[in-house]
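Chemist: One structure is given below, represented as structure tokens, and several questions about it will come after.
The values are calculated or read from the model by the stated rules, or taken from the named source; none is laboratory data. Note that the structure is predicted; figures quoted are calculated from it, not measured. Counting neighbours? That spans all protein chains shown, and the Cβs are built from the backbone with ideal geometry, glycine included.
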Amino acid sequence: MSTKKNIVYLGCSGFPVGLAEIQKIILISKAVIMTGNDVLVICKRGMHNKAIRPDMQTEGVFEGIHYIYTAGTAYKDPSFFKRNYEKVKGVYNEILLLRRLAKEKKIDYAILSTHSFYAVLYYTILSKIFGFKTVLNYVEFYSGVKKKWTAFDKWLNDELFDRYAPKMVNSVFLISEFLISHLKKISPDKKYLKIPNLTDISRFDGIEKTNGEKYFLFCGDAGYFEIIKFIIDSFDKLSNDSAFLYLVINGHETDKDVVKDYINNSRSKDRIKFFSRLTDRELSTYYINSTALLIPLRPTFQDSARFPHKIGEYLASGSPVISTNYGEVKFYFKDMVNMLIAEKYEVDQFSEKMQYVLDHPVEVKNIGKTGQLIAFNQFDYKVNGERIMKALVELDTGK
């Protein structure tokens, strides 16, 4: 870009540590920094546990991305009163920081990385006061996610968010065709850009494939127990016992215990290995050496609207990927060409794809390599920077 632009992230929590949301912030930021622009990530309050992450800085630079905690600390204080004081301090200092950035002409666009309707409303008001454009990072159809009937506050927020939040901002970064269709219904003239699940293919640099045991691998949060159960049930139906199932599961300990209990009751329990809290390097090594990587999507609003971050990582490893024909899968992939795709979210169909992998190693190796090209050509963050910046700059030109 000929003129440097200043992009600020607002509404996010926990940077630079976290799963899909934080990874998307990192990869979009790195993409636009590569085009000669600046990024600042602002977090209002601390979220980290000092015992687990003793070296978190209040302000710093992570992989070229400048970040700051306006509460004055990156940690969540155990004291109720001090914690709430820091929340107020974080909001106040954030306003002062935005005012200073506006005066110094160091904020052109703010990307809102939040699924709080009230936060979007708040930042939209601030954008009018300080004169910057807003873009909503919209990655899930939140009102379509199942909730307990007692979670009225979450239900209300999610309904308001999906109905009104995209209308309030200047533009929207969307992740799926489902969300594009939804946006066109509620705000037909709204500017938007579809950004796929980005990945950093360099995470596999220097990792070589070894000839070890055969295994299928799934990586996810223990909260997705329905999907984990589906995978275990599919594995149980394989006609031979030549392969293992590796489950890399993170999340709350109580949820992980539920997964472990189900494994112990599986007929294949002796061939299922449970992992947790692997480093990125360890995980990448398991990806590359897997027989196939598993990520079934369900026929739900949630899975139709999202595009799991893991799909990009899976593909970039070069290992074959098995999924189901829902959501973004049907827009990017073709069965037996660049992915193995079960037509329906059914155990028998998914198990058949797993069995095919075991029976046809040469064919599935080619499928994995073809899928890897999709990751290199479309999902690598390095090839998306120019189009992201073009969409932002066009907010100024009126295109």
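Chemist: Take the residues in segment 367-395 that are more than 20 Å from K310 (Cβ to Cβ) and exposed (fewer than 15 other Cβ atoms within 10 Å of the Cβ), then tell me which one is farthest from the chain's Cα centre (by Cα).
Modeler: Applying the filter and picking the extreme gives E394.
Chemist: Spot the failing condition for D303; the list is (1) among the charged types (D, E, K, R); (2) touching a helix residue (DSSP H, G or I) at 6+ places or on another chain (Cβ under 8 Å); (3) buried (at least 17 other Cβ atoms within 10 Å of the Cβ), and only one is missed.
Modeler: It fails just one condition, (2).
Chemist: If you don't mind, another one. Report whether or not I28 is of a type in the set (A, V, I, L, M) and farther than 12 Å from F15 by Cβ.
Modeler: Answer is yes for this residue.
Chemist: Within segment 217-234, identify whether any single residue is among the acidic types (D, E) and without any contact (Cβ under 8 Å) to a residue 12 or more places away in the chain, and answer yes or no.
Modeler: So far as segment 217-234 goes, no, none of its residues is among the acidic types (D, E) and without any contact (Cβ under 8 Å) to a residue 12 or more places away in the chain.
Chemist: I've got another one for you. Would you check if F141 is closer than 24 Å to Y381 by Cα, of a type in the set (A, V, I, L, M, F, W, C) and within 23 Å of the chain's Cα centre (by Cα)?
Modeler: yes
Chemist: Then there's this: In segment 141-161, is there at least one residue being out of contact with any helix residue (DSSP H, G or I) (no Cβ under 7 Å at 6 or more places or on another chain), among the polar types (S, T, N, Q) and assigned to a helix (DSSP H, G or I)?
Modeler: So far as segment 141-161 goes, no, none of its residues is out of contact with any helix residue (DSSP H, G or I) (no Cβ under 7 Å at 6 or more places or on another chain), among the polar types (S, T, N, Q) and assigned to a helix (DSSP H, G or I).
Chemist: Would you confirm whether or not segment 272-294 contains a residue that is without any contact (Cβ under 8 Å) to a residue 40 or more places away in the chain and buried (at least 16 other Cβ atoms within 10 Å of the Cβ)?
Modeler: There is no residue in segment 272-294 that is without any contact (Cβ under 8 Å) to a residue 40 or more places away in the chain and buried (at least 16 other Cβ atoms within 10 Å of the Cβ).
Chemist: Would you please name the residue that is surrounded by the fewest Cβ atoms within 10 Å (Cβ to Cβ), looking only at residues in segment 201-238 that are modelled with pLDDT of 90 or more and of a type in the set (G, A, S)?
Modeler: For segment 201-238, the residue satisfying everything is G206.
Chemist: Go through segment 17-29 and report how many residues are modelled with pLDDT of 95 or more and within 20 Å of T279 (Cβ to Cβ).
Modeler: Matching residues across segment 17-29 total 2.
Chemist: Every residue in segment 1-21 that is in a loop (DSSP other than H, G, I, E, B), of a type outside the set (D, E, K, R), over 21 Å from N84 (Cβ atoms) and in contact (Cβ under 8 Å) with a residue 12 or more places away in the chain, please.
Modeler: Passing the criteria: M1, F15, P16, V17, L19.
Chemist: Follow-up question, since we're still on this one. I need the strands (runs of 3 or more DSSP E) fully contained in segment 22-139, keeping only those with at least 2 residues that are without any contact (Cβ under 8 Å) to a residue 60 or more places away in the chain and under 26 Å from W155 (Cβ atoms).
Modeler: So the answer is 133-138.
Chemist: When residues of segment 71-106 are filtered for being aromatic (F, W, Y) and surrounded by 12 or more Cβ atoms within 10 Å (Cβ to Cβ), how many remain?
Modeler: 3
Chemist: How many residues are farther than 19 Å from L297 by Cα and part of a helix (DSSP H, G or I) if we restrict to segment 182-233?
Modeler: 9
Chemist: Do any residues in segment 324-335 that are touching a residue at least 40 places away in the same chain (Cβ under 8 Å) have Cβ atoms under 8 Å from those of residues that are small (G, A, S) and part of a helix (DSSP H, G or I), where the two are at least six apart or on different chains, and which pairs are they?
Modeler: Close Cβ pairs satisfying both conditions: G327/S304; G327/A305; F333/G371.
Chemist: Is there a residue in segment 95-102 that is farther than 21 Å from E328 by Cα and β-branched (V, I, T)?
Modeler: Yes - at least one qualifying residue is present in segment 95-102.
Chemist: Something else about it: Criterion first (over 23 Å from H182 (Cβ atoms), surrounded by fewer than 21 Cβ atoms within 10 Å (Cβ to Cβ), of a type in the set (D, E, K, R) and in the same structural domain as L247 (by TED's automatic domain parsing)) does K344 satisfy it?
Modeler: Judged against the criteria, K344 is a match.
Chemist: Determine whether L121 is under 25 Å from A165 (Cα atoms), modelled with pLDDT of 95 or more, out of contact with any Lys or Arg (no Cβ under 7 Å at 6 or more places or on another chain) and surrounded by fewer than 18 Cβ atoms within 10 Å (Cβ to Cβ).
Modeler: So L121 passes the test.
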